[in-house]
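Down below is the structure, laid out as structure tokens.
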Amino acid sequence: MRVIRLGRENLDVELSGTAYRICGAIGGGTGFSAFAEEIYKIEEREQSVPVGERPVLSELDGQEKLWVREKVCEEWERTNPGYDIAFYDEEGNLLCRADHKMRVLTVSRSCLEIHMDGTIVRFDGDLGRRGFTALAASMTWLCPDERKAQEGEFETYVKKFKAGYRALPRKSRLRIIFADDKGGRQG
């Protein structure tokens with residue numbers, strides 16, 4: 001991936017030899033907020049077209065937009081360290097973030113969303129005095145694609161999550177208790 005141009009409302013990148021325009025906005029100087037539905041292919045120009053003229057943009061199908069979004073999130077931190085990018089849907093929900101830092105995005109009385117390695121996972125459960133109890137059966141992947149977790153993904157995810165979560169400062173982390181389908185606690 002190569003960044004061609006980063007403007008106030010547009011980000012032009014090159015992926016696998018093709019140029020794409022991602023519309024969004026610079027947010028407070030710390031990153032770029034991109035609109036997941038406003039990703040376009042920049043058509044190649046003939047050399048006779050003046051440089052100051054606007055590029056010709058073409059629509060992409062949903063699969064190609066998803067591929068561009070995933071590829072940018074996957075390669076962004078390596079090519080642009082210290083500058084974040086986040087993709088949002090039309091309702092303003094976070095779809096993916098390119099910094100790949102582990103964080104708890106949302107916690108309410110009955111829902112927990114976790115961002116880790118470019119993915120977002122939601123658990124239903126209960127927020128109590130001792131922490132949040134996350135139910136295995138409710139595990140849903142929100143990013144890169146929205147789907148229920150398959151068998152075996154809960155155990156793999158929890159193991160990887162625990163390894164990284166323990167490294168975070170104790171004062172800034174919520175106690176999370178994972179409960180499997182049999183009622184047993186995972187941590």
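The values are calculated or read from the model by the stated rules, or taken from the named source; none is laboratory data. Here the structure is a predicted model, which is why all the values come from computation and not from measurement. So basically every Cβ, Gly included, is an ideal-geometry build from the backbone, and we count neighbours across all protein chains shown. Surface areas here come from the heavy atoms of the whole protein model, side chains and all, with no ligands, DNA or RNA. Shrake-Rupley method; radii C 1.70, N 1.55, O 1.52, S 1.80 Å.
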Original post:
Between Arg129 and Glu74, 0.36 nm times their residue separation minus their Cα-Cα distance comes to what?
Top reply: 16.1 nm
Original post:
Going by the alpha-carbon gyration tensor, a ≥ b ≥ c the square roots of its eigenvalues, is segment 93-135 rounded (a/c under 1.5) or, if a/c is not under 1.5, prolate (a/b greater than b/c) versus oblate?
Top reply: prolate
Subject >> For the chain: accessible area per residue (Å², 1.4 Å) >> reply: 60 Å²
**OP:** Compute the acute angle (0 to 90°) between the alpha-carbon long axis of helix 153-165 and the principal axis of greatest extent of the alpha-carbon atoms of the chain; round to the nearest 10°.
**Re:** 90 degrees
**OP:** Pull up the cross-link candidates among the aspartates and glutamates for Lys159, meaning alpha carbon to alpha carbon under 13 Å and not fewer than 8 places away within one chain.
**Re:** Asp180
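Counting each DSSP H run of 4 or more residues in the chain as -39500 (n - 2.57), what helix-only mean residue ellipticity at 222 nm follows after dividing by all residues, to the nearest 500 deg cm²/dmol?
Roughly -5500 deg cm²/dmol at 222 nm, from the helical runs in the chain.
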Subject >> Cβ-based net charge around Trp141, under 10 Å, with every Lys or Arg adding one and every Asp or Glu removing one >> reply: 0
Original post:
So, with a 1.4 angstrom probe, what is the percent of accessible area on the chain that is carbon and sulfur?
Top reply: 47 percent
Original post:
What net charge do the residues around Ser33 carry, taking every other residue with its C-beta under 11 Å from that of Ser33, with Lys and Arg at +1 and Asp and Glu at -1?
Top reply: -1
**OP:** Using amide H atoms built 1.01 Å from N in the peptide plane, name the residues 5+ places from Cys143, or on other chains, whose amide H lies under 5 Å from its own.
**Re:** Ile120
Original post:
Counting only residues 5 or more places away or on other chains, whose amide H sits under 5 Å from the amide H of Gly7 once H atoms are built in the peptide plane?
Top reply: Asp12
Original post:
Rounded if a/c is under 1.5, else prolate if a/b is larger than b/c, else oblate: which is the chain, with a ≥ b ≥ c the root eigenvalues of its Cα gyration tensor?
Top reply: prolate
Original post:
Can you give the accessible area of Arg175 in Å² (nearest 10), computed on protein heavy atoms with a 1.4 Å probe?
Top reply: 110 Å²
**OP:** Compute the longest continuous run of the chain that contains no exposed GluC sites (Glu not before Pro); treat a site as exposed when its DSSP state is not H, G, I, E or B and it has at most 16 other Cβ atoms within 10 Å.
**Re:** 92-145
